[in-house]
Amino acid sequence: MRQKRHNKSELKIFRKDLRTTLTPAEAFLWKYIKKRQFEGRKFRKQHSIDNYIVDFYCAEEKLIIELDGEVHMNTVSEEYDKKRDLYLHQLGYKVLRFENKMVFDNLAFVLEDIKIHFKNK
């Protein structure tokens with residue numbers, strides 16, 4: 001029997017909590033990518049893959065978007081993020097990371113960078 005990778009039930013309460021308490025940067029980006037309004041792609045927010053909860057996920061593109069704030073700007077978090085990204089990459093996912101400030105200061109760049117990573121243009 002194949003193990004379920006996506007949205008495991010034991011993480012449901014954590015995903016739900018994260019969805020209702022988006023960071024300002026996550027809420028801002030979500031306004032532009034929700035409901036297939038960005039290039040017709042369906043994104044999910046706070047989606048889990050195995051034991052990791054990712055900020056945004058597009059199944060059609062196997063694309064993950066992570067927004068990093070101050071909490072990610074230290075050696076321990078950076079090491080954890082590298083390990084996590086490597087694991088997800090080994091499963092076939094592409095992980096894009098943007099600093100929160102970038103989302104607010106240069107949204108057009110962020111959206112263009114996401115778009116160029118679509119396989120199915």
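Quick notes on this structure:
- Every residue from region 50-83 that is charged (D, E, K, R) and surrounded by fewer than 17 Cβ atoms within 10 Å (Cβ to Cβ): Asp50, Glu60, Lys62, Glu70, Glu78, Glu79, Asp81, Lys82, Lys83
- Among the helices (runs of 4 or more DSSP H) confined to region 5-105, the ones with at least 3 residues that are in contact (Cβ under 8 Å) with a residue 24 or more places away in the chain and farther than 26 Å from Ile116 by Cβ are located at 12-20.
- Among the residues of region 1-42, just one is at positive phi and of a type in the set (Asp, Glu), namely Glu39.
- The residues of region 49-86 that are basic (Lys, Arg) and either in contact with a Lys or Arg (Cβ under 9 Å, 6 or more places away or on another chain) or at positive phi (or both) amount to a single one, Lys62.
- Reported count of residues in region 66-88, each being more than 25 Å from Tyr32 (Cα to Cα) and out of contact with any His (no Cβ under 8 Å at 6 or more places or on another chain), is 12.
- Pick from region 112-121, criterion in a helix (DSSP H, G or I) and touching a strand residue (DSSP E or B) at 6+ places or on another chain (Cβ under 7 Å), ranking: farthest from His47 (Cα to Cα): Asp113
- Just one of the listed residues (Asp55, Asp105, Asp81, Asp85) is more than 25 Å from Gly40 (Cβ to Cβ) and in contact with a helix residue (DSSP H, G or I) (Cβ under 9 Å, 6 or more places away or on another chain), and it is Asp81.
- Here is the figure for region 1-15: residues that are under 19 Å from Ala59 (Cα atoms) and surrounded by 11 or more Cβ atoms within 10 Å (Cβ to Cβ) total 7.
Computed from the coordinates by the stated procedures, all read-outs in this text should not be read as laboratory data. Keep in mind that this is a model prediction, so the values were computed, not measured. Here Cβ is always computed from backbone atoms with ideal geometry, including for glycine, and neighbour counts include all displayed protein chains.
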